[in-house]
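A quick write-up on the structure given underneath.
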Amino acid sequence: MNKWDSISWVATGIFILSLVLVFVFQNDMFLFLMALSYMLRPTLYALGLYTQTADERQMLIQYRSGNITLTILIGVIIILAIKANIEGKPADDFNLLLVIAIAARAISGILMVGNYREAAIRMTISVGAFWILFAVLSHGFSLGTLMESIPGISILAIGLIGIKKPMISSGVSIISATVLLFFVLFKTPKGFTIIQVFVALLVTLPLYFAAFCFYRGSKTESIQIIQNEG
C-alpha cells in the first residue's frame with residue numbers, strides 16, 4: 001500500500017474538488033476530476049516522475065494493471081463498434097478511439113526502449129494503413145477510394161522510406177503535415193468544422209512527432225557509428 005505523500009495530498013484535493021462540483025454546483029465535470037485523482041499516481045509513475053515514492057513491487061503492479069486496463073478498454077471499444085454497426089449507426093468514433101489506444105501503446109513502448117527510428121516507422125505506417133482502411137470501409141473498392149487513399153499511401157511511403165533514409169522522411173513528414181494543416185484551416189471552400197480540425201490534428205501531430213523521431217533516431221545512430229569507429 002502506498003504511503004501518504006505529496007501525490008496523495010494532491011489527489012485527495014482533486015477528489016474533494018470533484019465532490020464540491022457535484023454536491024454544490026451539480027456540475028458534470030466532477031466525473032473527470034475523479035478520474036484525474038485516481039489516475040494521477042499511475043500517470044506520474046508511467047512518465048518516470050516521483051518514482052522514488054514507489055518500490056519495485058508497486059511499479060510492477062502499476063505496469064501490469066495498466067496493461068490489463070488497456071486490454072479491457074480496447075475490448076469494450078471493439079464491442080461498442082460492433083454494436084453500432086449492427087444497429088446501423090456510424091462507428092467512426094469508436095474506430096478512432098481504437099486507433100489512438102493501440103498506436104499510443106505501441107509507440108510509447110518503443111520510445112521507452114529509445115528506438116526513435118522504429119517508433120517513427122511504425123507511427124507513419126500505422127497512420128497510412130488506417131487511412132487506407134477507413135477509405136476502403138467507407139467507399140468500398142473504387143476509383144474514389146483510390147483517390148481518397150492517396151494521403152494514406154503517401155504517409156505509408158514516408159514510413160517505408162524512413163527505413164533507409166530517415167532524414168528524408170523527417171523533412172517530408174514536416175512538409176506534408178504543414179501542407180495538410182494549412183489546407184484544412186485556410187483553404188477549405190466553406191470554412192472548416194471542429195471535426196475537420198480534429199481529424200487534421202490527428203494526422204498532422206503524429207507526422208510532426210514522426211519527423212522528430214526520424215531526426216532524433218538518425219542523429220543517435222550517427223553518434224553511435226562515430227563512437228564505434230573511434
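Rule-based calculations on the coordinates, nothing more; no lab input. Worth saying up front: this structure is predicted, and the values here are computed from it rather than measured. FYI the Cβ positions are ideal-geometry reconstructions off the backbone, even for glycines, and counts take in every protein chain you see.
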statement: Mean Cβ-within-10 Å packing, highest first, puts peptides 201-213, 155-167, 74-86 in the order 201-213, 155-167, 74-86
- prompt: Taking neighbour counts of Cβ atoms within 10 Å as a proxy for exposure, in what order, fewest first, do L19, L98 appear?
  reply: L19, L98
